[in-house]
Amino acid sequence: MQETGVENPVRFTGIRLSKPATVAAGIPAVISSVKHILAEMNAFRGMKALLELNQKDGFDCPGCAWPDPDDDRSPIGEYCENGAKAVAEEATTKRLLPDFFAANSVASLGLLTDYEIGKMGRIAQPMYLAPDATHYTPVSWQDAFGKIADHLHTLSSPHEAVFYTSGRTSNEAAFLYQLMVREYGTNNLPDCSNMCHESSGVALGEAVGIGKGSVTLEDFYEAEVIMILGQNPGTNHPRMLTALQKAKAGGATIISVNPLPETGLISFLNPQTVKGMLQIKSDLTDIFLQVKINGDMALLKAVLLLLLEEEDKHPGTVFDQAFIGEKTSGYTDYIAHLRQHDFARLAAASGVAPELIRKTANALLHKKKIIACWAMGLTQHKNAVDTIREIVNLLLLKGSIGKPGAGTCPVRGHSNVQGDRTMGIYEKPAARLLNKIEAIYGFRPPQEHGYDVVAAIQAMHRGDAKVFIAMGGNFLSATPDTLFTAQALRNCRLTVHVSTKLNRSHIVHGREALILPCLGRSDKDLQQGVTQFVTCENSMGVVQMSKGNLDPVSPHLKSEPAIVCELAQALFGEQSRVPWKTYTQHYDLIRDAIEKVIPGFDQYNDRVRHPGGFYLPNCSRNGQFDTPDSKAGFNIAPVTETLLQPGEYMMMTIRSHDQFNTTIYGLDDRYRGVHHERRVIFMNAGDIATAGFRPGDIVDLYNYHGSTERVAKGFIIVSYNIPENCTATYFPETNVLVPVNSVADKSNTPTSKLVIIRIKPSDIKK
Ligand SMILES: Nc1nc2c(c(=O)[nH]1)N[C@H]1C(S)=C(S)[C@@H](COP(=O)(O)OP(=O)(O)OC[C@H]3O[C@@H](n4cnc5c(=O)[nH]c(N)nc54)[C@H](O)[C@@H]3O)O[C@H]1N2
Ligand SMILES: Nc1nc2c(c(=O)[nH]1)N[C@H]1C(S)=C(S)[C@@H](COP(=O)(O)OP(=O)(O)OC[C@H]3O[C@@H](n4cnc5c(=O)[nH]c(N)nc54)[C@H](O)[C@@H]3O)O[C@H]1N2
Ligand code: SF4
Ligand SMILES: [Mo]
């Protein structure tokens, strides 16, 4: 058995429990926002940042990918508590100067928690870790680029290098980055999407011909029913609650499907309205379906079976037969498949009471404007692609795609994760993109597919990939199987991170390592004396400009586009066919290049200057399906039940209210009533008693996938409203338990929402 050390230290911080909150946001959210901002900067800088956040001429929130309203935006606050926390984290005036790295060895930094590491401040200049060195030392930008170029030149094939991207990277930086990587000669472009909405992209691509959602914010206000599956918007997309509140005021019924009664889904106090400030809450969810972990497929089929019964009784009144006939394929086979199921068995497999499933079917029966939203609770399962296709089956039967008030809404995570894909950050690029690059730049990009995240980890572990470069993110902590991944990174000759803040991926490194500090969203970006802006695409396909307004904390920071251009010049010298030097002169020139290569960006520079930006084309939004037969396809897939041995539980790894992925803003999960502690496991009260434990006991968690023993030590049991045999813990602390070789079919996404664990008493004391 291996135990973690610097990869994931075990330390308790002093748990306090309270009752889970019954309403989200409200005044506690405002207080929390102000507290986080003032802990990191003075009030003047804080106000300056918040006043520009999500404004049409300001900067795009570095938090999630939820869209901004197209129309009027509140001049004083178009953001949420988590947007404010994201800004506080990034715009902090604390910084890490060389004396910090001289005083702290890499090994000693590894003993800190993620929370402590994040609170250290912004990285202020490029840092280098020499082979066998114990401390990072300052390095010039020129030397840093030289070292990377030298390593890349000595590889025997470009496929021995991996180029990761996290979803905060702007369109401009992402476009240049993929171009550099392809000019170098590989498609090894894994990104955080591989762990996130990849299953949605695959499912939607197969079913409707485009891997993006179809709805706009306006559709929310017209919808009759909004289903929210496997998503916790109160914490992770807080301004979605405002949209839901408005939808509800317009008469929409809201159905939530989740193993947990998440606070924000249940009710909401909008801090940006007078009513909210007066403590007048909105109840949001009308029907709460508390599924078992991965019970969604059975639940959807049970609902559809009831709808089919009604359609049989009154043909043409429940399903949209005109739409089905004209726009879809596979209906007859799908209906025959559905008929083979038994309602009672499906209900039992879902974990939801039959009466509630009937209530849900009734709510959908005569409705045609249905929106389905989903996130990680669906995408990170073995059968994720099939479950998402089952949602599409439902929408197709109801004719609920490609019309106002209806459609698909995979709610994206990182603020520009969708844009990065649009720009070509993808290990399986379409021939169309590669041909276009060849036509415009005159070099032939590599045609073979590259590594995604899981394949990249395995390649580095085997020694087949030797150089790892990351444009943002925290690869070690975000990926599965922390100890396996740590070994993979340690096997590399060189690991490089373009980062704003210090994280554990700088501490668990290759033989040599570099940290390249970059500007963040909120920072002013000057190139040759001219202020630049970048652009991002939100979850609904709107491309907008983002212009930071704060003075960078150090003169040594470079923008991500500048870093890519300078690295490319060091790498290719005069031989390049790409005008790398020109692109840093003005970002309009990068956007002109994007316009030539990527469809949908006509008159990019003009249109993006229009307040609020522009929508990218989306065939499924207009009821056109870009599939081989131009039809939206039904999908036939089985219900798969997880068989647990006695003493085994399903564990989902989720986010607390005080983190953004691996960035830990604070130690409180206010809505779930857990304060000042992250090392907890949420368990059903009956399960705790049956296992002979008590709430507050300290336990160790084990996973045995593929006959490897994985352990996460030291978790405090919290009794919680969660279905039997289901447990929840926070990521990244339990990523040590997520097996690298347990992935979703077709999308290869780690199955972070269903890890089979055993729970044993721990010898660790509080
Ligand atoms: N504040 C904040 N905002 C964020 C992030 C953050 O970390 N912090 N992360 C960003 C990113 S990158 C992403 S991808 C999104 C993530 O946003 P979410 O997907 O909302 O994030 P998770 O915490 O992973 O929550 C998943 C939800 O699914 C539920 N769930 C788990 N398993 C199942 C299941 O089998 N079935 C169903 N129906 N539900 C299930 C969980 O109870 C939980 O409510 O948020 C983005 N926004
Ligand atoms: N067990 C489990 N694992 C998961 C998940 C889960 O639900 N459960 N969720 C998965 C999901 S959905 C995702 S998206 C991934 C996230 O994976 P990543 O995107 O790799 O991780 P983050 O924690 O978002 O990355 C944070 C780091 O990004 C850097 N950073 C922040 N802003 C910028 C910037 O503007 N530019 C640059 N260059 N760097 C910046 C900072 O150094 C910060 O430390 O994790 C996945 N891992
Ligand atoms: S909902 Fe997301 S994008 Fe909007 S302010 Fe909050 S964190 Fe930022
Ligand atoms: Mo994500």
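Flag: residue 269 does not match the condition of being touching a Leu at 6+ places or on another chain (Cβ under 7 Å) and of a type in the set (A, V, I, L, M).
Among 564, 496, which is the only one that is β-branched (Val, Ile, Thr), part of a strand (DSSP E or B) and either touching a residue at least 40 places away in the same chain (Cβ under 8 Å) or buried (at least 24 other Cβ atoms within 10 Å of the Cβ) (or both)? Walk me through it before giving the result.
Details: 564 fails: part of a strand (DSSP E or B).
Every option except 496 fails the conditions.
When segment 501-527 is filtered for residues that are away from ligand 3 (no atom under 16 Å from the Cβ) and assigned to a loop (DSSP other than H, G, I, E, B), the ones remaining, listed by number, are 502, 503, 508, 509, 510, 511, 519, 524, 525.
To keep it simple, each residue is scored yes or no on (1) in a strand (DSSP E or B); (2) of a type outside the set (A, V, I, L, M, F, W, C).
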{"position": "689", "(1), (2)": "no, no"}
{"position": "699", "(1), (2)": "yes, no"}
{"position": "712", "(1), (2)": "yes, no"}
{"position": "745", "(1), (2)": "no, yes"}
{"position": "760", "(1), (2)": "yes, yes"}
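Selection within segment 225-240: residues that are closer than 30 Å to residue 665 by Cα and among the hydrophobic types (A, V, I, L, M, F, W, C). The member of this set that is nearest to ligand 1 (Cβ to nearest atom) is 229.
Yes/no per residue for (1) among the aliphatic types (A, V, I, L, M); (2) in contact (Cβ under 8 Å) with a residue 12 or more places away in the chain; (3) under 23 Å from residue 553 (Cα atoms):
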{"site": "5", "(1), (2), (3)": "no, yes, no"}
{"site": "61", "(1), (2), (3)": "no, yes, yes"}
{"site": "65", "(1), (2), (3)": "yes, yes, no"}
{"site": "70", "(1), (2), (3)": "no, yes, no"}
{"site": "83", "(1), (2), (3)": "no, yes, yes"}
{"site": "93", "(1), (2), (3)": "no, yes, yes"}
{"site": "98", "(1), (2), (3)": "no, yes, yes"}
{"site": "104", "(1), (2), (3)": "no, yes, yes"}
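Just one residue in the set 198, 222, 262 is more than 30 Å from residue 452 (Cα to Cα), within 15 Å of ligand 1 (Cβ to nearest atom) and touching a residue at least 40 places away in the same chain (Cβ under 8 Å); that residue is 262.
Number of residues in segment 410-460 that are crowded, with 19+ Cβ neighbours inside 10 Å, farther than 15 Å from residue 159 by Cβ and not aliphatic (A, V, I, L, M) equals 14.
Determine whether segment 284-303 contains at least one residue that is more than 16 Å from ligand 4 (Cβ to nearest atom), assigned to a helix (DSSP H, G or I) and without any contact (Cβ under 8 Å) to a residue 40 or more places away in the chain. Step through it out loud before you land on a result.
Of all residues in segment 284-303, those more than 16 Å from ligand 4 (Cβ to nearest atom) come to 284-303.
Subset that is assigned to a helix (DSSP H, G or I): 296-303.
Now restrict to residues that are without any contact (Cβ under 8 Å) to a residue 40 or more places away in the chain: none.
Within segment 284-303 (the criterion being more than 16 Å from ligand 4 (Cβ to nearest atom), assigned to a helix (DSSP H, G or I) and without any contact (Cβ under 8 Å) to a residue 40 or more places away in the chain), the answer is no, since none of the residues qualifies.
Considering (1) in a loop (DSSP other than H, G, I, E, B); (2) touching a Ser or Thr at 6+ places or on another chain (Cβ under 6 Å); (3) not charged (D, E, K, R), the lone condition that residue 341 does not fulfil carries the number (2). Being within 16 Å of ligand 3 (Cβ to nearest atom), over 17 Å from residue 295 (Cβ atoms) and of a type outside the set (A, V, I, L, M, F, W, C) is a property that holds for residue 414. Among the residues that make up segment 282-294, is at least one of them closer than 27 Å to residue 418 by Cα and either crowded, with 24+ Cβ neighbours inside 10 Å or of a type outside the set (Ser, Thr, Tyr) (or both)? Among the residues of segment 282-294, at least one is closer than 27 Å to residue 418 by Cα and either crowded, with 24+ Cβ neighbours inside 10 Å or of a type outside the set (Ser, Thr, Tyr) (or both), which makes the answer yes. Among the residues of segment 167-214, how many are within 16 Å of ligand 3 (Cβ to nearest atom) and on the phi > 0 side of the Ramachandran plot? Residues meeting the conditions: 0.
Suppose we filter segment 355-370 for residues that are more than 16 Å from ligand 1 (Cβ to nearest atom) and in contact (Cβ under 8 Å) with a residue 12 or more places away in the chain; how many remain? Matching residues across segment 355-370 total 11.
Can you spot a residue in segment 54-71 that is charged (D, E, K, R), assigned to a helix (DSSP H, G or I) and within 16 Å of ligand 3 (Cβ to nearest atom)? No, the conditions are met nowhere in segment 54-71.
In summary, residue 65 fulfils each of the numbered conditions (1) within 15 Å of ligand 1 (Cβ to nearest atom); (2) modelled with pLDDT under 90; (3) under 21 Å from residue 168 (Cα atoms) with the single exception of condition (2). Among the residues making up segment 473-491, those that are surrounded by 24 or more Cβ atoms within 10 Å (Cβ to Cβ) and in a loop (DSSP other than H, G, I, E, B) are 473, 474, 479, 480, 481. Determine, yes or no, whether residue 85 is at pLDDT 90 or above, charged (D, E, K, R) and outside the structural domain of residue 214 (by TED's automatic domain parsing). Yes; evaluated as a whole, the condition is true for this residue.
Scanning segment 131-181 for residues that are assigned to a loop (DSSP other than H, G, I, E, B), in contact with a Leu (Cβ under 9 Å, 6 or more places away or on another chain) and surrounded by fewer than 24 Cβ atoms within 10 Å (Cβ to Cβ) turns up 135, 139. With respect to (1) assigned to a loop (DSSP other than H, G, I, E, B); (2) at pLDDT 95 or above; (3) charged (D, E, K, R), the lone exception for residue 577 is condition (2). No other residue among 201, 205, 250 is over 30 Å from residue 579 (Cβ atoms), of a type outside the set (Ser, Thr, Tyr) and in contact with a strand residue (DSSP E or B) (Cβ under 9 Å, 6 or more places away or on another chain) apart from 201. Assessment of segment 432-439 against the conditions (part of a helix (DSSP H, G or I), among the acidic types (Asp, Glu) and out of contact with any Leu (no Cβ under 9 Å at 6 or more places or on another chain)) yields at least one matching residue. Checking the structure you have, find out if any residue of segment 702-721 is crowded, with 22+ Cβ neighbours inside 10 Å, away from ligand 1 (no atom under 14 Å from the Cβ), over 28 Å from residue 257 (Cβ atoms) and within 22 Å of the chain's Cα centre (by Cα). There is no residue in segment 702-721 that is crowded, with 22+ Cβ neighbours inside 10 Å, away from ligand 1 (no atom under 14 Å from the Cβ), over 28 Å from residue 257 (Cβ atoms) and within 22 Å of the chain's Cα centre (by Cα). Total residues in segment 601-611 satisfying the condition of being assigned to a loop (DSSP other than H, G, I, E, B) and surrounded by 16 or more Cβ atoms within 10 Å (Cβ to Cβ): the figure is 1. Scanning segment 310-318 turns up no residue that is at pLDDT 95 or above, buried (at least 23 other Cβ atoms within 10 Å of the Cβ), in contact with a helix residue (DSSP H, G or I) (Cβ under 9 Å, 6 or more places away or on another chain) and not in a helix (DSSP H, G or I).
The values are calculated or read from the model by the stated rules, or taken from the named source; none is laboratory data. What you see is a predicted model, and the numbers here were worked out from it, not measured in a lab. Positions of Cβ are generated from backbone atoms using ideal geometry, with glycine treated the same way; all protein chains shown enter the neighbour counts.
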